[in-house]
1. Quick check on segment 49-81: of everything there that is part of a helix (DSSP H, G or I) and free of Cβ contacts under 8 Å to residues at least 24 places away in the same chain, which residue is surrounded by the most Cβ atoms within 10 Å (Cβ to Cβ)?
2. Pairs needed: first member in segment 14-27, over 22 Å from Q40 (Cα atoms) and modelled with pLDDT under 95; second member anywhere, assigned to a loop (DSSP other than H, G, I, E, B) and of a type outside the set (G, A, S); C-beta distance under 7 Å; at least 6 residues apart or different chains.
3. Determine if segment 151-160 includes at least one residue that is touching a Pro at 6+ places or on another chain (Cβ under 9 Å), part of a strand (DSSP E or B) and not charged (D, E, K, R).
4. If D29 satisfies every condition in (1) loosely packed, with under 15 Cβ neighbours inside 10 Å; (2) under 24 Å from R6 (Cβ atoms); (3) under 19 Å from the mean Cα position of the chain (by Cα) but one, which is the exception?
5. How many of the residues in segment 136-157 are more than 12 Å from P37 (Cβ to Cβ) and surrounded by fewer than 16 Cβ atoms within 10 Å (Cβ to Cβ)?
6. Quickly run through segment 30-40 and pick out the residues that are under 20 Å from I135 (Cα atoms) and either of a type in the set (A, V, I, L, M, F, W, C) or not in a loop (DSSP other than H, G, I, E, B) (or both).
7. Please give the number of the condition E149 fails out of (1) more than 22 Å from A31 (Cα to Cα); (2) in contact with a helix residue (DSSP H, G or I) (Cβ under 7 Å, 6 or more places away or on another chain).
Amino acid sequence: MRTLERKGLITKTTAMAAEIDVLTLYHWDPARADTPPNFQLIATSNKRRWNVPIQATGVAIASEIARTTFGGVTRGDVRRDEIEHDIAVTTRYLQFLSGTRQEGAAWVPEDALNEERFSGKRPDALIRTTMSETIVEVVGRSYRAEKLEDIFNRFAHEKLEFT
């Protein structure tokens, strides 16, 4: 981290945020399921997992140099919910890296996904293997059943993971 900061690639700061256990809340496979999930149950499970103390958390924010070099966008001031969500997405990515996975499996982050394919509403990530793709949607603190259902309806024709 010090080297990245010294090279001007990140800014380190502290934010008040909760860190949750990032576990899959629901996995959908349209080839195997015939009824949609219980969105209220998923929302309730999600609300429970976010019921943890907020604490000072070290965060690194990519600089303009890093965004120009490696990709990414600036979306203005970052709210606590967004920081928490980004921490959870990063945790899921690290789980992907350290877990058992198919050879050649790739993590495709939101900013690398084609907007047209997703009608302008890209998921958090996509896990691509030689056999299939799974959409990854990390469920944020404020996601209610209606939002989960909206996300599901957008992506129900594909494998989907609510994490």
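The values are calculated or read from the model by the stated rules, or taken from the named source; none is laboratory data. Quick caveat, the model's predicted, so the values are computed rather than measured. Note that we place each Cβ from the backbone using ideal geometry, even for glycine, and neighbour counts take in every protein chain shown.
1. Step one: of segment 49-81, the residues part of a helix (DSSP H, G or I) are 49, 64-70, 80-81.
If we keep only those that are free of Cβ contacts under 8 Å to residues at least 24 places away in the same chain too, we end up with 64, 67-68, 70.
On the way: E64: 11, R67: 14, T68: 10, F70: 10.
If we take residues in segment 49-81 being part of a helix (DSSP H, G or I) and free of Cβ contacts under 8 Å to residues at least 24 places away in the same chain, then R67 is surrounded by the most Cβ atoms within 10 Å (Cβ to Cβ).
2. Filtered contacts from segment 14-27: M16/I54; A17/I54; A18/W50; A18/V52; A18/P53; A18/I54.
3. Going residue by residue through segment 151-160, those that are touching a Pro at 6+ places or on another chain (Cβ under 9 Å) are 151-160.
Now drop any that are not part of a strand (DSSP E or B), which leaves 159-160.
Retained after the next criterion (residues that are not charged (D, E, K, R)): 160.
Scanning segment 151-160 turns up at least one residue that is touching a Pro at 6+ places or on another chain (Cβ under 9 Å), part of a strand (DSSP E or B) and not charged (D, E, K, R).
4. D29 satisfies all of (1) loosely packed, with under 15 Cβ neighbours inside 10 Å; (2) under 24 Å from R6 (Cβ atoms); (3) under 19 Å from the mean Cα position of the chain (by Cα) except (2).
5. Qualifying residue count for the region: 6.
6. Here is the first cut: in segment 30-40, the residues under 20 Å from I135 (Cα atoms) are 30-39.
Of everything in segment 30-40, those that are under 20 Å from I135 (Cα atoms) and either of a type in the set (A, V, I, L, M, F, W, C) or not in a loop (DSSP other than H, G, I, E, B) (or both) turn out to be A31, A33, F39.
7. (1)
So that you can scan it fast, the table gives a plain yes or no per residue for (1) of a type in the set (S, T, N, Q); (2) modelled with pLDDT under 95; (3) on the phi < 0 side of the Ramachandran plot; (4) under 19 Å from the mean Cα position of the chain (by Cα):
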| position | (1), (2), (3), (4) |
| --- | --- |
| A43 | no, no, yes, yes |
| N46 | yes, no, yes, yes |
| A66 | no, yes, yes, no |
| F70 | no, yes, yes, yes |
| G76 | no, yes, no, yes |
| L94 | no, yes, yes, yes |
| L97 | no, yes, yes, yes |
| S119 | yes, yes, no, yes |
